[in-house]
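For reference, the structure is listed below as structure tokens.
The numbers here are math on the coordinates, done by the rules we state, and not lab data. All values derive from a computational prediction rather than experimental measurement. Cβ: placed from backbone, ideal geometry, glycine included. Neighbour counts: every protein chain shown.
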């Protein structure tokens with residue numbers, strides 16, 4: 001496989017030398033065209049992708065150029081080494097979609113999804129093509145740390161299968177949270193792969209602190225009171241002022257830092273939406289391709305996570321966790337990120353909602369406990385993210401300094417990718433660590449699966465419609481032992 | 001007259017933009033002048049809603065207040081199956097006609 005990639009690289013070297021934007025324009029256009037999209041729609045998507053890659057590079061440059069001197073002064077004045085710029089998730093998505101490997105992983109994962117559907121191992125058709133970038137990020141991280149393409153692909157397939165299994169397991173809980181048992185929506189989003197870890201703490205809560213649940217408050221009212229003070233741009237302004245004051249900047253510099261952070265956080269989201277538009281023709285083409293081959297079978301539809309965004313607990317927990325994360329970042333050993341772009345912890349709170357089913361105090365406490373994992377994973381991934389961003393050759397990206405994201409989804413998967421990558425170099429200790437990590441990750445997932453099946457069985461016993469393969473006692477056919 | 005629609009999702013980046021684009025495209029075909037905006041659901045407030053005729057969140061949404069404009073769940077637009085999106089468009093068109101927004 002690597003030989004084929006090397007050969008392709010040699011043949012297409014003149015194009016590759018042009019940088020990521022023209023390459024991805026050509027690659028995305030051709031692939032969308034190949035899956036049946038009208039050529040001009042495919043080309044439109046390709047051009048939008050090239051524009052988004054170019055734009056994101058410029059905004060990363062704007063943010064890091066403004067913040068790097070202040071972050072260096074912050075380190076000097078406080079002795080706390082938090083010099084990695086936190087870009088948030090949108091630039092990371094852009095950087096990852098700037099790699100041709102992402103389209104390779106996309107093709108593999110679509111095939112895996114179809115195989116699982118044909119074998120009746122899942123009921124979920126994943127149409128959230130855009131979020132394939134999360135698994136591509138994991139695979140690319142493994143490659144950066146030493147894995148070859150084959151190993152990275154196996155890792156991506158392995159996690160991809162667990163994600164699809166998880167989407168089926170969570171489906172009844174989504175119906176419960178949405179109060180809609182006819183709902184076909186589920187999700188394979190990587191953020192929900194934190195569920196097994198969260199469930200350990202949720203079970204501890206059940207045993208030790210169940211009385212805390214009576215202090216749950218009205219999350220919607222809290223969000224309404226916070227209003228625009230919790231918005232993206234407002235948080236950018238607070239952090240700019242905070243960093244400026246701690247790093248002893250002038251009033252003028254503090255104002256620049258504040259407004260630049262607010263500007264860049266807004267721009268990251270706007271440019272992020274260009275990406276969605278860019279991959280839209282491909283997403284529709286892939287979905288049409290899959291639907292045609294499934295002959296009208298009724299399935300769960302795998303979407304991006306925000307169909308749960310209407311649950312106020314997600315935002316109340318994110319609002320409360322933002323200052324907690326800032327404090328944790330300041331004192332956490334081994335952390336190098338000062339939260340900025342990722343401080344609204346959207347990659348953290350949806351999984352907390354699903355596991356706790358909206359118990360807001362649990363969400364906040366467990367969220368505070370697990371946030372260090374995200375900060376450490378972000379720190380660990382910073383050299384890879386910085387390297388990959390610079391490889392885009394997009395104008396504006398500075399040649400010094402590190403950048404990352406403080407709440408990138410899938411921190412455990414990032415640790416595993418790093419271990420698998422290092423193990424691929426043949427160092428025995430790393431092979432052992434990677435093997436142990438994979439065994440623990442798999443065992444934890446299957447314990448979580450068992451717990452979710454218990455939960456789903458209760459839904460079924462209460463008269464709710466639950467698919468047979470995610471509970472213990474089939475509704476139709478011979479009953480098996482439940483517990 | 002332009003019909004103004006507010007779409008909302010988690011980050012205001014992915015799903016809400018898909019809803020916005022799909023609604024604008026469909027209603028252009030149906031002969032309406034529709035302009036949709038996409039925002040983060042946590043940023044939606046009563047003042048913002050005053051600027052719109054219809055609210056189309058990705059799913060049932062607890063905003064902490066009762067919207068004064070019609071709310072239509074636009075999640076099915078994201079299923080990428082025209083037959084499932086059509087009822088959403090029909091509901092929006094029903095509201096446009098009922099409220100005489102055209």
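Here B:53, A:206 are placed in order of increasing Cβ neighbour count within 10 Å, fewest first, which gives A:206, B:53. Going by neighbour counts of Cβ atoms within 10 Å, the residues A:167, A:287 line up, fewest first, as A:287, A:167.
Note on residue A:450 and residue B:62: the model spin-label points, each 7 Å out from Cα along the C-beta direction, lie 3.2 nm apart. Could you tell me how far the Cα centroid of segment A:137-204 sits from the Cα centroid of segment A:284-323, in Å? Answer, in whole Å: 12. Where the alpha-carbon atoms of segment A:333-483 are placed on the principal axes, they occupy 63, 40, 32 Å, in descending order. Quick one: if the Förster radius is 56 Å, what FRET efficiency do residue A:10 and residue A:200 give, using the C-beta to C-beta distance and rounding to 0.05? Once rounded, the FRET efficiency stands at 0.70.
Counting neighbouring Cβ atoms within 10 Å and putting the fewest first, the residues A:174, A:233 line up as A:233, A:174.
Normalise the Cα radius of gyration of chain B by 2.2 N^0.38 Å (N = residues in it) and let me know the number. Could the numbers behind the result be given before it?
Working: Rg = 12.4 Å, N = 102, 2.2 N^0.38 = 12.8 Å.
So chain B has a normalised radius of gyration of 0.97.
For peptide A:269-276, the mean count of partner chain Cβ atoms within 10 Å of a residue's Cβ comes to 5. Give me the distance between the Cα centres of segment A:105-131 and segment B:53-102, rounded to whole Å. About 29 Å separates the Cα centre of segment A:105-131 from the one of segment B:53-102. Rg and Dmax of segment A:23-164, both derived from C-alpha coordinates alone, stand at 18.6, 60 Å. Dividing the convex hull volume of the alpha-carbon atoms in segment A:285-343 by its residue count gives 159 Å³ per residue. With Cα atoms defining each centre, segment A:380-435 and segment B:16-42 are spaced 38 Å apart in the structure.
In the protein assembly as shown, inverting the average of 1/r over every pair of distinct C-alpha atoms gives 24.5 Å as the Kirkwood radius. Placing dummy labels 7 Å off each Cα toward the beta-carbon, the span from residue A:436 to residue A:292 is 5.0 nm.
Averaged over the residues of peptide B:33-42, the number of Cβ atoms from other protein chains lying within 10 Å of each residue's Cβ is 4.
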